[in-house]
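One structure is given below, encoded as structure tokens.
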Amino acid sequence: MSAAQQAAVTADGPPIPLHLAIIMDGNGRWAAARGLPRALGHKAGAEAVKRTVEAAGELGIPWLTLFAFSSENWRRPPDEVRDLTGLLRHYLRHEVQTLVERGARLRIIGDRHAFGAETAAEILRAEDLTAGNTRINVNVALSYGGRAEIAEAARAIARRVAEGTLSPDAIDETTVARHMQTAGIPDPDLLIRTSGEQRISNFLLWQCAYAELVFQDVLWPDFTAEHLAAAVAEFGRRERRYGARVG
Ligand code: IPE
Ligand code: IPE
Ligand code: MG
């Protein structure tokens with residue numbers, strides 16, 4: 001059995017994902033529908049993150065990766081970028097204790113340095129404070145882009161070849177996986193995107209090779225434990241084949 005085929009934990013009932021990834025989309029539309037500024041949509045989205053960490057922990061999902069800010073989101077108007085980075089700093093300063101209480105270990109993937117040295121230091125502090133937690137691993141993707149991650153891995157591998165510590169012929173999928181920011185983390189089994197959009201938007205391109213995709217019509221700030229349970233139930237009904245013939 002391949003690593004991918006093992007990648008679901010079975011409780012008593014149908015399988016649940018070992019690693020759930022979520023593209024948290026629809027904050028802006030949620031705010032617009034209420035005549036509110038987009039910033040309040042992002043704030044409500046951050047509350048949905050807290051609910052989801054708790055709900056995923058309750059379901060026994062050990063790995064959760066949340067797409068919070070893409071490398072392309074820097075293209076948004078400066079005031080929206082400011083609102084988003086301000087919210088990030090607020091949560092790093094005031095909500096890490098909640099993660100500690102929930103037994104969640106925080107890791108950031110993406111380019112933390114893009115947010116400045118002070119925020120990068122606060123990210124490191126938050127990661128350190130939660131490093132001993134084992135109930136659920138929460139990865140948050142910040143200034144993250146799947147293609148940028150693959151390009152960075154290629155550079156790192158090329159450096160090792162240039163140094164003479166790695167032969168080009170020895171480079172295989174395991175080598176590449178080890179140079180991704182998710183090294184050591186199982187690939188996502190289930191990818192949820194909210195808001196009704198049906199695209200990947202440059203998220204975990206390498207890692208989601210065999211993820212089951214679930215698109216839900218809910219806007220992210222309205223996402224609840226029930227939406228999560230519905231997506232996990234849908235995952236449980238999927239037949240995963242990994243290219244093999246069945247029957
Ligand atoms: C997701 O909500 C949050 C981020 C991408 C930062 P959006 O801000 O993309 O919301 P919509 O898609 O405009 O509704
Ligand atoms: C993807 O959402 C990024 C995050 C959820 C952080 P976007 O709203 O940025 O994606 P597009 O622009 O609709 O593809
Ligand atoms: Mg969007």
request  = Scan A104, A121, A48 and give me the residue that is among the small types (G, A, S), at pLDDT 95 or above and farther than 30 Å from V9 by Cα.
outcome  = A121
request  = Would you point out the residue of the stretch 71-94, among those that are loosely packed, with under 15 Cβ neighbours inside 10 Å and within 10 Å of ligand 1 (Cβ to nearest atom), that is farthest from R147 (Cα to Cα)?
outcome  = V81
remark   = Result of the Cβ filter at 6 Å on the stretch 16-32, keeping first residues that are within 6 Å of ligand 1 (Cβ to nearest atom) and partners that are modelled with pLDDT of 95 or more and assigned to a loop (DSSP other than H, G, I, E, B), at least 6 apart or interchain, is D25/T194; D25/S195; D25/E197; G26/T194; G26/S195; G26/L219; R29/L219
request  = Check the stretch 58-70 and report whether any residue there is among the charged types (D, E, K, R), more than 14 Å from the chain's Cα centre (by Cα), within 16 Å of ligand 3 (Cβ to nearest atom) and over 25 Å from G146 (Cβ atoms).
outcome  = no
request  = State which residue pairs qualify: first residue farther than 15 Å from A56 by Cα and away from ligand 3 (no atom under 12 Å from the Cβ) and inside the stretch 186-202, second residue basic (K, R) and at pLDDT 95 or above in any location, beta carbons under 7 Å apart, and separation of 6 or more residues or different chains.
outcome  = N202/R147
remark   = Per the list (1) within 11 Å of ligand 1 (Cβ to nearest atom); (2) surrounded by 17 or more Cβ atoms within 10 Å (Cβ to Cβ); (3) part of a helix (DSSP H, G or I), residue check on L66 breaks on (3)
Residue selected from the stretch 24-43 under the condition crowded, with 19+ Cβ neighbours inside 10 Å and out of contact with any Leu (no Cβ under 7 Å at 6 or more places or on another chain), by the criterion nearest to L204 (Cα to Cα) = D25
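The values are calculated or read from the model by the stated rules, or taken from the named source; none is laboratory data. Bear in mind the structure is a predicted one, so any value in this text is a computation, not a measurement. Note: ideal-geometry Cβ built from the backbone for every residue, glycine included; neighbour counts use all protein chains shown.
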